[in-house]
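Notes for the one structure printed next.
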Amino acid sequence: SIASADMDLNQLEAFLTAQTKKQGGITADQAAVIAKFWKNHRAQIHESLISQSRWDHVLKNMNWRVDLKSQLRHVDQINTPVAIVEMELGKNGQ
């Protein structure tokens, strides 16, 4: 929860306080250790989550066009522009 919300120190303190008050939650000592760990490693954890959640790192190719509809059943839809975008993604070196 802490990492996915990328909590700042105020949010972290409120979250850990709630966890210590919850039945079956964590102890105050455990909360202190978690807070210290998060303060020291927040940037690295955030970067790791970002890198794991990306699909690919490079846009290899992109094509686009705008089409106009010239014949439809309903007159109000004629000449309605439609954008079509095609993107090819890939990893560095592949």
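Might you check whether a residue that is among the polar types (S, T, N, Q) and touching a Ser or Thr at 6+ places or on another chain (Cβ under 9 Å) occurs anywhere in region 46-62?
Step one: of region 46-62, the residues among the polar types (S, T, N, Q) are 48, 51-53, 61.
Applying the additional criterion that residues be touching a Ser or Thr at 6+ places or on another chain (Cβ under 9 Å) yields none.
No, every residue in region 46-62 fails to be among the polar types (S, T, N, Q) and touching a Ser or Thr at 6+ places or on another chain (Cβ under 9 Å).
Is there any pair with a first residue in region 57-83 that is surrounded by 10 or more Cβ atoms within 10 Å (Cβ to Cβ) and a second that is among the polar types (S, T, N, Q) and modelled with pLDDT of 75 or more whose Cβ atoms are under 7 Å apart and which are 6 or more apart or on different chains, and what are they?
Lys69/Thr80
Taking the condition of being part of a helix (DSSP H, G or I) and over 30 Å from Lys91 (Cα atoms), how many residues in region 26-70 meet it?
The total comes to 13.
The values are calculated or read from the model by the stated rules, or taken from the named source; none is laboratory data. Quantities reported herein were computed from a predicted structural model and do not represent experimental measurements. Note: ideal-geometry Cβ built from the backbone for every residue, glycine included; neighbour counts use all protein chains shown.
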